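Everything on this sheet refers to the single structure shown next.
Read-outs throughout are calculated quantities, based only on the coordinates presented, and are distinct from any laboratory measurement. Worth saying up front: this structure is predicted, and the values here are computed from it rather than measured. All Cβ positions, even for glycine, are placed from backbone atoms using ideal geometry, and neighbour counts span all protein chains on display.
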Amino acid sequence: MQSALAELWQFFIANLRASHFGVFLLSIFLVTEVVDVPLISRYDFIFIAAVGFQLCALIFRFEQPKEFFVIFLFHLLATGMELFKTNPDIGSWTYPAAGSALFVIATVPLFSGFLYSAVGSYMSRAFTFLNLTFERFPAYHHFWIVSVLIYLNFFTHHFFYDIRYLLFAYVFIIFWKTKVYYQVYQKRRTMPLLMTTLLTAIFVWIAENIGTFTRIWLYPNQIESWQLVPLGKLGSWFLLLILSFALVSIIYRDKLQHR
């Protein structure tokens, strides 16, 4: 029993260390919800804080340059999607205080890219802190085909047929045998990759509820009064995590075992 508790604690600590950027952002959201930041807009403060955090992480070597590369790549792709999704003609969600921010492009405050970067940062750092390896990983080209289709569908489903259910099927077919191996204590453990992705999506959904509760961004049904983010968003995050995994795999491909 004591050994199990010790392993659970080590698992928690490893995940906390891997998610340090996400935890930092959520903390800033909560603090700025109850404390007014003087002389600067809330969104600009979050952006400056996020940039400062990343610079400190690099300077003090809390993050490796390759992890920073992943964060930068996520930021670029995410900003492109944010510009599309927050366009008034699409209106998937809004940033209610964007009008008062300086660091903003059209309807998108620049800190928003860091929201996705935090997910990428976690996945990248998890390789180190959870000592991740994979077994029966699918052919790499299938991985990238489904990932590109996932990204494109976030745009095209507004105009054409939504293929997300086909994408779920594709993901299940290529990953249903894939196992994740991790070790944070004495024994090496394993879990199906699909289950790992679903559990991670649940935690991202919880974080998203914190973000909307603090009115950092809002979905249309939350503008008049806050309510939980619909559970249907779990599917979107599940697919987005597959895309995130593809981007992270650029620097960790040697950990992926295909057989």
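Per-structure values
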{"quantity": "Label-point gap, in nm, between residue 226 and residue 62 - each point 7 angstrom along Cα→Cβ", "calculated": "2.5 nm"}
{"quantity": "Student exercise, segment 1-152 dipole from Lys, Arg, Asp, Glu Cβ charges, in Debye to nearest 20", "calculated": "300 debye"}
{"quantity": "With Cα atoms, 0 to 90° folded angle of helix 42-59 axis to the chain main axis", "calculated": "40 degrees"}
{"quantity": "Fully extended contour minus Cα-Cα distance, from residue 23 to residue 84, at 0.36 nm per residue", "calculated": "19.3 nm"}
{"quantity": "Cα lying deepest toward the dipole's positive end in segment 2-255, options 48, 171, 148, charges on Cβ", "calculated": "171"}
{"quantity": "222 nm mean residue ellipticity, helices alone, for the chain (DSSP H n ≥ 4; -39,500 (n - 2.57); rounded to 500)", "calculated": "-20500 deg cm²/dmol"}
{"quantity": "Charged-residue dipole, Cβ positions (Lys, Arg, Asp, Glu), segment 11-83 about Cα centre, Debye nearest 20", "calculated": "280 debye"}
{"quantity": "Over segment 134-259 - Rg/Rh using Cα atoms and the Kirkwood inverse-distance radius", "calculated": "1.02"}
{"quantity": "Label assignment, log10 I(q)/I(0) by the Debye sum over Cα atoms at q = 0.10, 0.13, 0.17 Å⁻¹ derived from the structure, set (1) -0.52, -0.89, -1.47; (2) -0.58, -0.95, -1.42; (3) -0.45, -0.81, -1.50", "calculated": "(1)"}
{"quantity": "Relative contact order of segment 59-204, defined on C-alpha pairs under 8 angstrom at six or more residues apart (%)", "calculated": "20 percent"}
{"quantity": "Length-normalised contact order for segment 2-255 - Cα pairs under 8 Å, 6+ apart - percent", "calculated": "24 percent"}
{"quantity": "Computed E for residue 76/residue 10 - FRET, C-beta separation, R0 30 angstrom, nearest 0.05", "calculated": "0.30"}
{"quantity": "Sparse-neighbour loop sites [chymotrypsin sites (Phe, Trp or Tyr not before Pro); segment 1-102; at most 11 other C-beta within 10 Å; DSSP]", "calculated": "60"}
{"quantity": "Cα-based Kirkwood hydrodynamic radius, segment 30-98, one decimal, Å", "calculated": "14.3 Å"}
{"quantity": "On Cα atoms only, tilt of 20-34 relative to the major axis of the chain in degrees", "calculated": "30 degrees"}
{"quantity": "Folded to 0 to 90 degrees: helix 193-213 orientation relative to the chain principal axis, Cα", "calculated": "20 degrees"}
